[in-house]
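Everything below concerns the one structure shown next.
The values are calculated or read from the model by the stated rules, or taken from the named source; none is laboratory data. Owing to the predicted nature of the structure, the values given are computational and were not obtained by experimental measurement. Cβ sites come from the backbone with ideal geometry, for glycine too, and all protein chains shown count toward neighbours. Surface areas here come from the heavy atoms of the whole protein model, side chains and all, with no ligands, DNA or RNA. Shrake-Rupley method; radii C 1.70, N 1.55, O 1.52, S 1.80 Å.
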Amino acid sequence: MTIRLKNVDDVFKEFLSEEEIAAADKEAEQELETLRLLQEDISKFVSKVMAENNLGFRSFAKEHDLSLSMASKILKGSGNLTLETIAHIAYCNGKKAHIVFTD
């Protein structure tokens, strides 16, 4: 027995108009851009902390109780961090984290 799976785009086309699909794509792109900006802000903060404290990559990870993998993702700006991790990084550096919503 062979199961034929449909492409996700084909399924969307069955239920949504081209305009609805375009609107959903635009919303997803905007959300992704917001995520990238947050990741970039945290990456810049971590890079600054490392430079100011003369910390290498491994030292930073160890002092902040992060796995090397997570520390790498943070520095690359690709870490999908929890609020708890962001708060922990801020606390370890005597800072408070705030999220500001802008237009």
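How large is the Kirkwood hydrodynamic radius of the chain, counting all unique pairs of alpha carbons, in Å?
16.5
Expected output is a single nm value to one decimal: the length gained when fully extending between HIS98 and ASP9, i.e. 0.36 nm times separation in residues minus the C-alpha distance. What is it?
Once the chain is fully extended between HIS98 and ASP9, it gains 28.3 nm.
Can you compute the helix-only [θ] at 222 nm over the chain? Use -39500 (n - 2.57) per DSSP H run of at least 4 residues, normalise by all residues, nearest 500 deg cm²/dmol.
Only helices count here, giving -21500 deg cm²/dmol.
How far apart, in nm, are the 7 Å Cα→Cβ label points at THR2 and PHE57?
According to this spin-label approximation, the distance is 4.6 nm.
Under the classification rounded if a/c is under 1.5, otherwise prolate if a/b is larger than b/c and oblate if not, where does the stretch 35-79 fall, given a ≥ b ≥ c as square roots of the Cα gyration tensor eigenvalues?
Verdict is oblate for the stretch 35-79.
At 1.4 Å probe radius, can you tell me the per residue accessible area of the stretch 3-103 in Å²?
Working: 8270 Å² over 101 residues.
Averaged over the residues of the stretch 3-103, the accessible area is 82 Å².
From largest accessible area down, sort ASP41, ASP103; use a 1.4 Å probe on the protein chains.
Reading off the accessible areas and sorting them downward yields ASP103, ASP41.
Want the number for LEU37 to SER69: 0.36 nm per residue separation, take away the alpha-carbon distance, what's left?
Additional length available on full extension: 9.5 nm.
Rolling a 1.4 angstrom probe over the protein chains, ignoring ligands and nucleic acids, what is the accessible area of THR2 in square angstrom, nearest 10?
130
Suppose each label sits 7 Å from its Cα in the direction of the beta carbon; what would the LYS48-GLU18 distance come out to in nanometres?
A separation of 4.7 nm, rounded to one decimal place.
When the chain is treated as a GNM, springs tying every alpha-carbon pair under 10 Å, which of ALA24, ALA61, ALA90 comes out with the largest mean-square fluctuation?
Judging by the Gaussian network model, the answer is ALA24.
From largest accessible area down, sort ILE3, ILE21; use a 1.4 Å probe on the protein chains.
ILE3, ILE21
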